[in-house]
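Colleague: So that we are looking at the same thing, I have put the structure below in structure tokens.
The values are calculated or read from the model by the stated rules, or taken from the named source; none is laboratory data. Since the model is a prediction, treat every value here as computed from it, not as a measurement. In this analysis, Cβ positions are derived from the backbone assuming ideal geometry, glycine residues included, and neighbour counts consider all displayed protein chains. Quick note on the areas: whole protein, heavy atoms, side chains included, nothing else; ligands and nucleic acids left out. Shrake-Rupley method; radii C 1.70, N 1.55, O 1.52, S 1.80 Å.
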Amino acid sequence: LRGDSSVDVRLAAADALRKFGSQRAGRRAVAEALPYQESPMLQMTLIDTLAEWREPGAAGRHRELQERPETGQAVRRRIEAALAE
């Protein structure tokens, strides 16, 4: 999820990790990967996954991404929605 150069491979990894939301290691891996993603599609996928899991540690990662100048408006809106949940 963090290391592959292909966005498609990282999206597939994110989808596979979605099944492990009940396991702390899976939730942590997704939360830790979020700040390293440059693809808006992948960023929104991870934000949605963390919101679905109600991962409490994700709020800081969301805010970190939200504060970056290069973060697009669609991603910022998705973060705001996730934080509101």
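Colleague: In the stretch 26-35, is there at least one residue being in contact with an Asp or Glu (Cβ under 8 Å, 6 or more places away or on another chain), surrounded by fewer than 20 Cβ atoms within 10 Å (Cβ to Cβ), touching a residue at least 24 places away in the same chain (Cβ under 8 Å) and not hydrophobic (A, V, I, L, M, F, W, C)?
Modeller: yes
Colleague: Looking at Ser6, is it on the phi < 0 side of the Ramachandran plot, open to solvent by less than 80 Å² (accessible area, probe 1.4 Å), of a type in the set (Ser, Thr, Tyr) and touching a residue at least 12 places away in the same chain (Cβ under 8 Å)? Even if it seems obvious, please write down each step before you answer.
Modeller: Details: on the phi < 0 side of the Ramachandran plot: yes; open to solvent by less than 80 Å² (accessible area, probe 1.4 Å): yes; of a type in the set (Ser, Thr, Tyr): yes; touching a residue at least 12 places away in the same chain (Cβ under 8 Å): no.
Considered against the rule, which asks whether it is on the phi < 0 side of the Ramachandran plot, open to solvent by less than 80 Å² (accessible area, probe 1.4 Å), of a type in the set (Ser, Thr, Tyr) and touching a residue at least 12 places away in the same chain (Cβ under 8 Å), Ser6 comes out as no.
Colleague: Let me ask something else. So which of Ala29, Ala58, Ala16, Ala25 is over 17 Å from Arg78 (Cα atoms) and either in contact with a helix residue (DSSP H, G or I) (Cβ under 7 Å, 6 or more places away or on another chain) or among the charged types (D, E, K, R) (or both)? Reasoning before the result, please.
Modeller: Values: Ala58 fails: over 17 Å from Arg78 (Cα atoms); Ala16 fails: either in contact with a helix residue (DSSP H, G or I) (Cβ under 7 Å, 6 or more places away or on another chain) or among the charged types (D, E, K, R) (or both); Ala25 fails: either in contact with a helix residue (DSSP H, G or I) (Cβ under 7 Å, 6 or more places away or on another chain) or among the charged types (D, E, K, R) (or both).
It is Ala29.
Colleague: Do any helices (runs of 4 or more DSSP H) lying entirely in the chain carry at least 1 residues that are touching a Cys at 6+ places or on another chain (Cβ under 7 Å), acidic (Asp, Glu) and modelled with pLDDT of 90 or more, and which ones are they?
Modeller: Details: elements: 7-17, 24-33, 40-53, 58-67, 73-84.
Where helices (runs of 4 or more DSSP H) fall fully within the chain, none carries at least 1 residues being touching a Cys at 6+ places or on another chain (Cβ under 7 Å), acidic (Asp, Glu) and modelled with pLDDT of 90 or more.
Colleague: Pull out all pairs, ordered by first then second residue, where Cβ-Cβ is under 6 Å, the residues are six or more apart or on different chains, the first lies in the stretch 68-85 and is without any contact (Cβ under 8 Å) to a residue 24 or more places away in the chain, and the second is surrounded by 11 or more Cβ atoms within 10 Å (Cβ to Cβ) and of a type outside the set (A, V, I, L, M).
Modeller: Arg76/Gln66
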